[in-house]
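The values are calculated or read from the model by the stated rules, or taken from the named source; none is laboratory data. If you're wondering where the values come from, they're calculated on a predicted model, not measured in any experiment. Neighbour counts are summed over all protein chains in view; Cβ atoms, including those assigned to glycine, are modelled from backbone coordinates with ideal geometry.
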Amino acid sequence: MVLYIRLLSNDVEDFIMEVAISHSANFMTLHNFLQKNLNFDPSNMASFVITDSDWNRLKEISLMKMNEEDEGTLLMEETLLADFLKEKKQRLLYVFDFFSERAFFMEVFDIKKGELKEPMLLKKEGTIPKQIAIDDNINAEDLEDPFNDDDIFGDDLEDLDSIDPDSFPDDY
């Protein structure tokens, strides 16, 4: 099966990216593909978060274990897309700025029979959100509290819910 996934940003309104990837690929393959096509620094931490239809967090898939006690941690390298992405309209987050907790909103917009050897970039439009590098001059007050369990996306998700993913043209 081939998964068709759309990425949107609440930071940059005109950004949209669509990719096709085999459901048998692991999350690390998707991570590496996104990092390359967004010209991001792959040394920065990132994770995928499986969500429900209201963007509530269900399960995190990490780049690496943070400590040895993290026995239940799912790792990108060991977790297949097929384990979590099984139907249209499934949602997930791709947290690309781990320390400032910025993420892309992702949704499976189509699934078709077949296989892909490599992920494919179908569309990339608009301004790519800037990834904050660890060595950037950042005020600590500008960053979210990483130990705060509150919803990191606040009311921004209400705006995202007004976007109809089916309204985007399927011109690939």
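Some notes on this structure:
- So Ala46, is it of a type in the set (Gly, Ala, Ser), touching a residue at least 12 places away in the same chain (Cβ under 8 Å) and under 18 Å from Glu101 (Cβ atoms): yes
- Filter result for Glu115 (at pLDDT below 90 and outside any strand (DSSP E or B)): no
- Looking at Ile61, Ile21, just one residue is at pLDDT 95 or above and within 20 Å of Ala82 (Cα to Cα), and that residue is Ile21.
- Condition met for Ala20 (among the small types (Gly, Ala, Ser), within 21 Å of Lys113 (Cα to Cα) and under 15 Å from the mean Cα position of the chain (by Cα)): yes
- Filtered residue count, the range 118-134, keeping only those that are in a strand (DSSP E or B) and not basic (Lys, Arg): 4
- Segments classed as strands (runs of 3 or more DSSP E), wholly inside the range 14-83, with at least 3 members that are under 17 Å from Val2 (Cα atoms) and not hydroxyl-bearing (Ser, Thr, Tyr): 16-22
- For first residues located in the range 75-94 and under 18 Å from Leu116 (Cα atoms), partners that are surrounded by fewer than 18 Cβ atoms within 10 Å (Cβ to Cβ) and hydroxyl-bearing (Ser, Thr, Tyr) and lie 6+ apart or on another chain with Cβ distances below 7 Å form the pairs Leu80/Ser24; Ala82/Ser24.
- Set side by side, the residues Leu3, Leu80, Leu58 differ, and just one is of a type outside the set (Ser, Thr, Tyr), out of contact with any Lys or Arg (no Cβ under 7 Å at 6 or more places or on another chain) and closer than 27 Å to Gly126 by Cα, which is Leu3.
- Test result for Leu93, part of a strand (DSSP E or B), more than 21 Å from Met120 (Cβ to Cβ) and either under 15 Å from the mean Cα position of the chain (by Cα) or among the hydrophobic types (A, V, I, L, M, F, W, C) (or both): yes
- Taken together, the residues in the range 76-98 that are closer than 26 Å to Asp11 by Cβ, modelled with pLDDT of 95 or more and either in contact with a helix residue (DSSP H, G or I) (Cβ under 7 Å, 6 or more places away or on another chain) or small (Gly, Ala, Ser) (or both) amount to 1.
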